[in-house]
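Down below is the structure, laid out as structure tokens.
Just so you know, all these numbers are worked out from the coordinates, no wet-lab data involved. Values in this document were obtained by computation on a predicted structure and should not be read as measured data. Cβ coordinates were reconstructed from backbone atoms using ideal geometry, including for glycine residues, and neighbour counts include every protein chain displayed.
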Amino acid sequence: MSGGLLGKKLGMTQVYDAERRLYPVTVVEAGPCDVTAVKTLDRDGYEAIQLGYREVQERKLTKAQIGHLRASGSKKLWKSLREFRGSSDKQIGDTVSVDLFENGELVDVQGVSRGKGFQGVMKRHNFGGGPATHGSMFHRAPGSVGASSFPSRVWRGKRLPGHMGAQRVTVRGLKIVEVRPEENLLLIFGAVPGPPGGYVVIQKVRKK
């Protein structure tokens, strides 16, 4: 059985559980996803299924993407594709929906974090900075960054200003507060990465 789904982060709200506890939750539209390819141990060297999410028109895909979907036997064209490892009884054309998950289940959610552009070391790496008053000329600068005559360069990996965010992030162990199959919605308690409208991958938790 597939261990995950593709979805879209819609926003946040709050709900009460059966014991009247209030949960702030992120609403994720998850699926329905169609199986677009099935990987087998004999042919591909590993077992997995590939899911497609968000059906799109042919003009919105490249020829390579269209050729891949046609060759696999998929009758539809999809915006996002993702493989999920493991054995499965699903066949090409089958649908996977939010029924895969249950209330109270823990999941791992992967998405692309918000892009924050070019940032300094205080925001990007949580540096403390220098004195703000009394004539100090050192406020938000990174300070000394290199050695003297040896090695006469900056070491690779030095924490410096630069592009922040817009990276793939996985948040593990988030709790599903409620599953709404009729609306294809998951209400997830915890920090789901990415902005509203961003695509996410929801998988059954791997590390207990």
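Summary of computed values
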quantity	calculated
Ordering of 77-83, 163-169, 15-21 by packing [mean C-beta count within 10 Å, highest first]	77-83, 163-169, 15-21
Most positive-pole-ward Cα, 16, 86, 72, against dipole of segment 2-128 from beta carbon charges	72
Partners for residue 39 among aspartates and glutamates (Cα-Cα distance below 17 Å; same-chain residues under 8 apart left out)	47, 83, 89, 94
Principal-axis tilt of helix 63-72 within the chain, Cα atoms, nearest 10 degrees	40
Within the chain, helix-based [θ] at 222 nm, where runs of 4 or more DSSP H residues each add -39,500 (n - 2.57), nearest 500	-2000 deg cm²/dmol
Interchain or long-range residues, amide H under 5 Å from residue 56's placed H	77, 78, 79
Phi to ³J(HN,Hα) by Karplus 6.51 cos²θ - 1.76 cosθ + 1.60 over segment 156-162, Hz, x for Gly, Pro	4, x, 4, 6, 9, x, x
Distant-in-sequence amide H partners of residue 82 (H built 1.01 Å from N, under 5 Å)	51
Of every Cα-Cα pair in segment 71-184, the percent that sits beyond 25 Å	56
Summed residue charge, Cβ within 14 Å of residue 177's Cβ, Lys/Arg positive, Asp/Glu negative	-1
Within a Gaussian network of the chain (alpha carbon springs, distance under 10 Å), most fluctuating of 153, 172, 43	153
Max mean-square fluctuation residue, GNM over the chain, Cα-Cα springs under 10 Å, options 158, 39, 63	158
Selection from 146, 128, 52, by position along the positive dipole direction of the chain (Cβ)	146
Amide H partners (placed H, <5 Å) of residue 114, local residues excluded	166, 194
Dipole magnitude of the chain, debye to nearest 20 (Cβ charges: Lys/Arg +1, Asp/Glu -1, about Cα centre)	1300
Table column - 3J(HN,Hα) (Hz), segment 42-47, Karplus curve with 6.51, -1.76, 1.60, x for Gly and Pro	5, 8, 10, x, 7, 9
Within a Gaussian network of the chain (alpha carbon springs, distance under 10 Å), most fluctuating of 182, 105, 29	182
Dipole moment magnitude, nearest 20 debye, segment 56-130 about Cα centre, only Lys, Arg, Asp, Glu C-beta charged	740
Given 175/204; 8/63; 8/75; 8/207; 116/207; 8/204, the pairs whose alpha carbons are separated by over 19 Å	8/63; 8/75; 8/207; 116/207
